[in-house]
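Here is the structure we will look at, set down as structure tokens.
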Ligand SMILES: Nc1ncnc2c1ncn2[C@@H]1O[C@H](COP(=O)(O)OP(=O)(O)OP(=O)(O)O)[C@@H](O)[C@H]1O
Ligand SMILES: [Mg+2]
């Protein structure tokens with residue numbers, strides 16, 4: 001899978017740009033603040049139809065403009081598709097090969113990407129919601145059913161919490177009012193848990209295979225899913241059933257009534273990255289955390305390939321400049337399984353060992369493609 005053409009209108013600091021890319025490694029070079037990350041973000045947006053963590057949709061619209069549009073011609077599985085999106089304040093239009101689509105969920109994951117960015121260290125050392133976001137965003141690209149379950153789960157959770165917020169009003173009728181939402185939470189929540197545990201087990205293998213090689217250490221961090229429904233870490237290959245989930249909801253009913261919200265479920269879970277039994281977020285150096293974060297993104301890439309048979313496009317934002325020379329060299333040596341890899345850097349010489357097919361120079365929101 002690779003992007004052949006990309007068209008941007010009013011996207012971040014780009015006014016209007018049309019670019020053509022070849023498969024292989026594409027270097028995006030330019031000084032600070034010119035639009036390198038923004039270019040990667042445009043490709044990312046066509047894959048997820050959501051801004052990246054820490055951004056709002058309106059941030060993506062060029063200052064003072066009413067909308068942004070991104071379109072791409074993408075080669076995927078022996079055919080070419082044209083994906084377009086236009087987002088204004090309060091309006092969103094999507095299309096595939098010129099045919100309008102009703103919602104982003106119909107197109108999400110059609111273009112598969114994994115973005116590596118310096119902010120990824122926050123997955124290791126930040127708040128639990130960042131780790132949950134990482135899991136959800138990775139799995140929903142690989143499995144459209146997961147995205148639908150998440151949507152249904154969140155809807156049911158809002159309804160359930162609103163009932164719990166004023167439970168006294170329902171008197172004896174409370175169990176009957178909660179029942180349909182409990183069922184919906186349990187049905188979708190058990191699927192979400194099963195998939196998240198599966199992801200973490202795979203990611204743990206990817207970490208063990210790659211962290212020692214990248215870091216030069218002979219020990220690798222361990223990943224474990226922490227499940228609030230079970231009240232413990234889940235290590236084995238295990239499926240969650242709707243019945244198990246429903247009993248856990250029943251058991252935590254009085255706690256939920258006290259808290260006036262749903263105290264257990266995927267929205268309260270976390271995964272732990274531990275090193276010698278301790279929290280990696282506290283123990284590791286910045287560079288080591290970056291290496292762990294890099295392995296987590298590799299795990300995302302491997303999971304998408306495992307589930308879909310397609311290698312996602314890789315978007316590597318400032319990854320090399322963040323590592324010491326030795327680690328950067330090891331990373332170069334690993335190679336990439338993908339058909340196309342975009343790599344940003346302020347200096348060409350630092351990334352030229354990736355044997356680029358294309359070089360894109362970015363200056364002041366204008367990108368110019370230069371063949372290598
Ligand atoms: N909505 C927007 N409208 C106009 N400009 C924007 C918008 N959002 C971001 N920018 C600007 O785009 C510029 C380029 O940002 P970008 O993050 O792509 O830079 P970069 O080339 O990756 O720089 P660095 O090397 O520092 O990472 C920044 O100056 C930023 O303020
Ligand atoms: Mg940048």
For residue 276, placing the label point 7 angstrom along Cα-to-beta-carbon and taking segment 184-221, residues whose amide nitrogen sits under 15 Å are 217-221
Percent antiparallel among DSSP beta bridges confined to the chain, rounded to 5, stands at 75
FRET efficiency (residue 325, residue 20; Cβ distance; R0 30 Å; to 0.05) is 0.35
So, relative contact order of segment 1-136 in percent, Cα under 8 Å, 6 or more apart, is 24
The exposure ranking of 306, 181, 226, fewest beta-carbon neighbours within 10 Å first, is 306, 226, 181
Classified through the alpha carbon gyration tensor (a ≥ b ≥ c as square roots of its eigenvalues; rounded if a/c is under 1.5, else prolate when a/b is larger than b/c, else oblate), segment 51-206 comes out prolate
From fewest to most C-beta neighbours within 10 Å, the residues 227, 295, 261 line up as 261, 227, 295
Connecting every pair of Cα atoms under 10 Å apart in the chain and solving the GNM, the largest mean-square fluctuation among 39, 178, 331 falls on 178
Restricting to Cα pairs under 8 Å and 6 or more apart, the percent relative contact order of segment 122-309 works out to 32
Taking 0.36 nm per residue of separation between residue 82 and residue 247 and subtracting their Cα-Cα distance, the length gained on full extension comes to 54.7 nm
Here the FRET efficiency for residue 73 versus residue 148, based on Cβ atoms and R0 = 22 Å and rounded to 0.05, is 0.20
Note on segment 1-117: alpha-carbon gyration tensor, axes a ≥ b ≥ c; rule is a/c under 1.5 for rounded, else prolate if a/b larger than b/c, else oblate; result oblate
Over all directions, the chain yields a Cα convex hull whose mean projected area in nm² is 19.7
Between the Cα axis of helix 242-251 and the main Cα principal axis of the chain, the angle (0 to 90°, nearest 10) is 60
Among 241, 344, 224, the residue with the largest mean-square fluctuation in a Gaussian network model of the chain built from Cα contacts under 10 Å is 241
In whole angstrom, the spacing between the Cα centers of segment 98-142 and segment 289-320 equals 12
Relative contact order in percent for the chain (Cα pairs under 8 Å, 6+ apart) equals 27
Check: C-alpha center segment 256-278 vs C-alpha center segment 1-24, spacing in Å is 40
Expected sort for 163, 313, 141, 320 with the fewest Cβ neighbours (10 Å cutoff) up front is 163, 320, 141, 313
Expressed as a percent, the portion of alpha-carbon pairs in segment 122-309 spaced more than 21 Å apart is 52
The percentage of Cα-Cα pairs in segment 63-117 separated by more than 14 Å is 59
Whole-Å distance linking the alpha carbon centroid of segment 327-372 with that of segment 203-230 is 28
In deg cm²/dmol, rounded to the nearest 500, the helical mean residue ellipticity at 222 nm of the chain, built from -39500 (n - 2.57) for every DSSP H run of length 4 or more, is -13500 deg cm²/dmol
In degrees rounded to 10, the 0-90 angle between helix 128-142 Cα long axis and the longest Cα principal axis of the chain is 70
Taking Cα atoms, the helix 325-334 axis meets the longest principal axis of the chain at an angle in degrees (rounded to 10) of 80
Quick calc, residue 254 & residue 103: beta-carbon distance into FRET formula, R0 25 Å, rounding 0.05, result 0.05
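Bear in mind that the values in this text are calculations on the coordinates, not laboratory data. Small disclaimer: the values here were computed from a predicted structure and weren't measured. Quick reminder, even Gly has a Cβ in these numbers, built from the backbone with ideal geometry, and neighbours come from all protein chains shown.
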